[in-house]
Each structure stands twice: as C-alpha cells, then as structure tokens.
Amino acid sequence: ASRLVKQWDRQYIVQRFGIVLYQGNDLVQSLMPKINSMFGYDEAAKNFKDYYSKKFAEEDRKNKYTGTLEGMNVIFIHMESIQDYLIGMEVNGQEITPTLNKLSKEGMYFSNFYPQISIGTSSDTEFTLNTSLMPANIGTAFVQYFDVTYESIPSILSEKGYYTFSSHANGASMWNRKAMHPNLGYKEMIFQESFDYTESTDRLGLGLNDEAFFYQLQEKLEKIEDEHANYMGTLIQLSNHSPYAATDWHPEMYDRFGKLDLTNTYTITDENGEKQEITDKYLQGKKLGNYLISAHYGDMALGTFIEYVENSEYYNNTVFVLYGDHDARLSKSEYQYYYNYNTLTGEVYEEGDPEYVDYNNFTHELNKSTPLIIWTKNKNVARKIRGENKNVMGMYDILPTLGNMMNFDYKYALGNDIHTIKDDNVVIFPNGNFVTNIVYYNNTKENYMVLNNEDKTRNSMIISEDYITNLKEYVDEILGVSNDILVEFIN
C-alpha cells in the first residue's frame with residue numbers, strides 16, 4: 001500500500017524506476033478515473049461506506065465549543081500565500097503582518113495549521129477546506145472532478161437557508177472556478193467582471209489590488225446582509241500571489257502600503273579603533289525580502305477591511321475564518337540565509353559554526369504551516385472562542401471543527417473536529433507524508449523527525465515501530481477512502 005501511496009509523488013517514481021516507466025505510469029494514472037469509474041465503483045463504495053459507518057459510530061462530537069457559532073453568518077478570507085511564521089515577525093522593528101498579529105490575539109488562533117495541497121495549490125485548498133476530502137491523486141479536483149455535486153460547507157449551509165457566494169478579483173475561469181464553485185454550493189460568484197478598475201493604475205500583479213477589492217466589496221456585502229437572514233461567503237485575496245513584489249508593482253502602492261526597510265545596519269571597529277556603521281542589503285532584493293513586502297501589502301489591505309468591519313453597523317452576527325491557502329514556494333536556501341544571518345555583524349553562519357541553524361528538509365516542510373484564525377467583532381462570542389490552539393491541524397479539519405461550532409451535520413468528512421480529537425490529530429499530505437504533535441514522517445524517504453513541541457525526550461520514548469506502522473496504515477486508509485469517494489462521485 002505504501003508504494004501505491006507514493007504514486008502521489010511523481011519525483012519518487014522517476015528516482016526509483018526511471019523516466020520511461022514514469023511516462024508509462026503517468027499515462028495509466030491519467031486513465032485511472034475512467035478505469036475506476038467502470039470497474040472500481042462497487043469496491044470504492046463499500047470502502048468509504050465502511051469507513052464512515054465506523055468513524056461516526058465511534059465519534060462523540062460534543063465539546064465545550066459545540067454550538068458557540070450557531071446561527072451566525074460566516075465569511076472565509078482566503079489569504080494568498082500567507083505563512084504562519086509571518087505572525088509576530090519583525091524586520092528593523094517593522095511588523096510584517098500587524099493585522100494578523102492583532103487578529104491572532106483577539107480570535108481563536110491555530111498556530112500549527114497545515115494546508116494539504118498537491119499540484120492544484122489554491123484550488124486544492126478550496127476543495128479540501130470545503131469538503132474535508134483530500135486533493136485528487138491525479139490532476140486536480142477542480143478540473144478532473146468538477147462536474148459533481150459535493151457535500152461541502154456552502155452546500156450544507158445552503159440547505160440550512162444560508163445564502164452562499166464567492167468572490168475573487170481574478171477571472172472565473174482561473175482554476176475552473178466558474179464550473180466548480182456552483183457544484184461546491186456557491187449561489188453567486190462575484191469575480192473580476194463585477195469590479196471596476198483601471199488597468200494602468202489599479203492592477204497589482206494578477207488583477208485588481210486587494211485594497212480596492214475589499215473596498216468595492218463593502219457595498220456588495222451590505223446588500224447581501226440586507227437581503228438575507230443568513231449568509232456564507234468566501235473572499236479570495238490575490239495581491240500576494242507570486243511572483244512577489246514583481247516589476248509591475250506600482251510605486252504609489254509600494255509607498256502607501258508595501259514599503260519596508262529590509263537593509264541591515266551594524267557597527268564595526270576599524271583598525272584605528274574607531275567605530276563605523278555598515279549598511280548592507282540583507283533581505284533587500286532577495287526573494288524572501290520581496291515576499292515580505294508583498295505579504296505586508298496583503299496584510300495592510302486586509303487591515304483596511306477589518307477596520308471597516310469594526311466600524312460598520314453590519315457584521316454583528318458574523319464570524320470571519322481567515323486562512324493561509326499554501327506556502328510561498330520559496331527555496332530552502334532563502335531561509336537558510338535568513339536563519340543564519342547575524343544582524344550584529346553581517347556575517348552568515350556556515351555549517352560547523354556553533355551558531356549555525358540546520359534548516360533541513362524537515363524544517364522546511366514544517367515551515368510551510370499557515371495561519372488559521374476564527375474572529376468576530378461580536379464581543380460576547382469573542383470571549384468564548386479567544387485563545388491559541390497549538391495542536392496540529394489540517395485543512396480537512398476545518399469543516400468538522402466549524403460544523404461543531406456552528407452545529408451543522410455532515411456525513412463524509414475525513415478530518416476531525418480539533419476540539420474533540422485534540423493532540424491525537426494526524427495531518428496527512430497528498431504525498432503520504434504526515435505530521436502529529438510528536439513526529440513528522442517523510443513517506444518517500446521513510447524517515448522521520450521527532451518534534452520539540454513539548455518534550456523531545458518524552459516524544460522519542462512514545463515513538464516505536466508500531467507507532468509509525470499504525471500511522472502509515474491510517475494514512476494509506478484515508479488517502480484510499482478519499483480517492484474512493486471521488487471514484488463513486490464520477491459515476
């Protein structure tokens with residue numbers, strides 16, 4: 001089973017079996033949805049029905065947060081390429097994400113939250129968040145499996161009388177959202193053609209800048225609240241999309257929101273004993289520095305929207321769920337430089353130095369976590385949900401977690417309500433890797449890293465061959481069941 005799971009990792013196949021077999025395997029895999037739909041339906045149906053009957057027979061869904069958000073409107077804010085390490089990060093005394101810093105303190109903040117993306121990046125996140133299923137093991141659900149009606153957050157809430165909508169300042173054809181969003185349960189799509197902007201002054205990167213996007217949404221959101229007793233919507237940010245701080249950034253945007261001093265100044269003593277200040281570029285002009293500028297702009301644009309929400313007569317019965325959709329796809333070398341740069345001397349520590357930070361493959365994977373924050377300006381509700389949750393959590397855990405808090409039922413979630421499962425949670429990645437509060441496991445290399453979240457010595461004692469084997473079997477089961485659901489759906 002573990003070898004089959006590794007088919008999610010195309011690099012593994014090339015390394016292990018060669019490019020010729022890879023190309024043949026890729027052809028077979030591209031035909032698998034059709035083959036499975038003809039021959040695998042009965043087995044797929046049995047597998048996932050057996051899994052869910054067992055899962056829900058054993059699950060007690062009630063906890064202290066049950067129903068705390070019942071009857072509230074919900075707006076998801078899809079924060080493009082925002083990673084968790086940005087929260088609290090400062091460069092030269094400048095906060096990179098002041099808005100998220102504030103919201104993480106005022107709301108329910110999940111600080112070990114992981115997207116579970118494959119090649120579909122943002123679309124995989126939308127799919128997994130809304131359905132609590134894993135991304136497709138071949139292609140993307142938004143393309144290969146779009147013509148299906150899914151059990152999802154918008155479809156469930158729609159059945160409860162909620163008006164549902166999605167909004168993005170890009171074209172509806174991007175990631176096939178025009179076809180997929182209605183099948184996820186969105187009733188209205190407010191996309192690029194719904195916004196007014198001048199190409200020469202308002203475009204930032206791939207489309208309308210985030211500040212204008214949020215500003216123009218205000219009237220539209222107020223109209224939705226006026227006309228509907230309850231609503232659920234998803235607002236998708238765009239400006240922090242790669243390439244970060246690209247050449248088509250407008251200077252007026254940079255000066256107003258994105259400007260950051262990313263140089264570093266330190267003092268040296270020359271051969272005459274005189275002190276001299278040296279300024280070097282540090283992060284200026286580097287990909288990581290450009291990303292920080294871009295993320296800072298996205299955060300500040302979000303801040304203008306949150307300020308509007310706080311001062312508006314609307315949204316008193318609305319909860320906002322903010323999540324980073326995936327990591328920024330920066331290289332290990334960018335972070336290796338950052339974590340080993342000595343701001344006091346301008347030196348970069350190298351391997352062998354006592355101060356050297358080994359930013360390895362495991363560290364890089366763990367660094368891909370993104371923020372998840374549940375926030376409301378309703379002070380009575382905010383008091384009930386405020387606080388940090390450090391347990392590992394995946395994108396597929398949002399539906400069951402929110403389902404419990406909003407008190408809605410669901411049938412086919414693969415994830416778990418984090419407030420029930422707590423530190424027993426397992427976050428599975430499409431390539432077969434997984435992370436718990438204790439260990440990060442690499443499926444391709446079949447090795448793992450013991451985590452320092454609590455007590456590394458205690459964690460090491462817990463890990464045994466059976467511990468890893470049982471988790472690997474669970475991972476294989478979940479990946480299989482998720483694929484089986486798609487097999488049945490396409491019939």
Worksheet item: Out of all the residues in the stretch 427-456, which are farther than 14 Å from F362 by Cβ and open to solvent by less than 10 Å² (accessible area, probe 1.4 Å)?
Response: V427, I428, P430, G432
Practice prompt. May I ask you to say which residue of K281, K287 is of a type in the set (K, R), under 27 Å from T345 (Cα atoms) and in contact with a Ser or Thr (Cβ under 7 Å, 6 or more places away or on another chain)?
Written response: K281
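If you go through the stretch 111-132, how many residues are open to solvent by 20 Å² or more (accessible area, probe 1.4 Å), over 10 Å from the mean Cα position of the chain (by Cα) and among the β-branched types (V, I, T)? Steps first, please.
Initial filter on the stretch 111-132 (open to solvent by 20 Å² or more (accessible area, probe 1.4 Å)): 112, 117-119, 121.
If we keep only those that are over 10 Å from the mean Cα position of the chain (by Cα) as well, we get 112, 118-119.
Next, from what is left, pick out any that are among the β-branched types (V, I, T): 119.
Within the stretch 111-132, residues that are open to solvent by 20 Å² or more (accessible area, probe 1.4 Å), over 10 Å from the mean Cα position of the chain (by Cα) and among the β-branched types (V, I, T) number 1.
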Discussion item. Please count how many residues of the stretch 55-110 are open to solvent by 20 Å² or more (accessible area, probe 1.4 Å), touching a residue at least 24 places away in the same chain (Cβ under 8 Å) and among the aliphatic types (A, V, I, L, M).
Written reply: 1
Worksheet entry | First in the stretch 211-227 and of a type in the set (G, A, S) and open to solvent by less than 60 Å² (accessible area, probe 1.4 Å), second anywhere and in a helix (DSSP H, G or I) and modelled with pLDDT under 95, Cβ under 6 Å, 6 or more apart | A212/D202
Worksheet item: Quick check: is even one residue across the stretch 301-316 open to solvent by less than 70 Å² (accessible area, probe 1.4 Å), among the polar types (S, T, N, Q) and modelled with pLDDT under 95?
Response: no
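Condition (residue is over 30 Å from D255 (Cβ atoms) and either out of contact with any Phe, Trp or Tyr (no Cβ under 7 Å at 6 or more places or on another chain) or outside any loop (DSSP other than H, G, I, E, B) (or both)) applied to the stretch 186-202: is it met by at least one residue? So that I can check it myself, show each step before the final result.
Quick first cut of the stretch 186-202, residues over 30 Å from D255 (Cβ atoms) only: 186-189.
Subset that is either out of contact with any Phe, Trp or Tyr (no Cβ under 7 Å at 6 or more places or on another chain) or outside any loop (DSSP other than H, G, I, E, B) (or both): 188-189.
Looking for residues that are over 30 Å from D255 (Cβ atoms) and either out of contact with any Phe, Trp or Tyr (no Cβ under 7 Å at 6 or more places or on another chain) or outside any loop (DSSP other than H, G, I, E, B) (or both), one finds at least one in the stretch 186-202, hence yes.
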Worksheet item: Residues of the stretch 317-334 being surrounded by fewer than 19 Cβ atoms within 10 Å (Cβ to Cβ) and of a type in the set (V, I, T), which ones?
Response: none
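Every residue in the stretch 222-260 that is modelled with pLDDT of 75 or more and polar (S, T, N, Q), please.
Step one: list which residues in the stretch 222-260 are modelled with pLDDT of 75 or more, which gives 222-245, 259-260.
Matches in the stretch 222-260: N230, T234, Q237, S239, N240, S242.
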Worksheet item: Which of (1) at pLDDT 50 or above; (2) open to solvent by less than 70 Å² (accessible area, probe 1.4 Å); (3) more than 30 Å from G161 (Cα to Cα) is the odd one out, the single condition D50 does not satisfy?
Response: (2)
Worksheet entry | Among the candidates E199, E188, E159, residue that is farther than 30 Å from K422 by Cα, open to solvent by 20 Å² or more (accessible area, probe 1.4 Å) and at pLDDT 95 or above | E188
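With outside any helix (DSSP H, G or I) and within 25 Å of the chain's Cα centre (by Cα) as the only criterion, which of Y337, Y314, Y323, Y356 stands out? Before you say what the answer is, go through the steps one by one.
Working: Y337 fails: outside any helix (DSSP H, G or I); Y314 fails: within 25 Å of the chain's Cα centre (by Cα); Y356 fails: within 25 Å of the chain's Cα centre (by Cα).
Exactly one of Y337, Y314, Y323, Y356 is outside any helix (DSSP H, G or I) and within 25 Å of the chain's Cα centre (by Cα), namely Y323.
The values are calculated or read from the model by the stated rules, or taken from the named source; none is laboratory data. Just so it is clear, the structure is predicted and the values come from calculations on it, not from any experiment. Glycine also receives a Cβ, built like all others from the backbone with ideal geometry; neighbour counts cover every protein chain displayed. When the accessible area is computed, the model is the full protein with side chains, heavy atoms only, and any ligands, DNA or RNA have been set aside. Shrake-Rupley method; radii C 1.70, N 1.55, O 1.52, S 1.80 Å.
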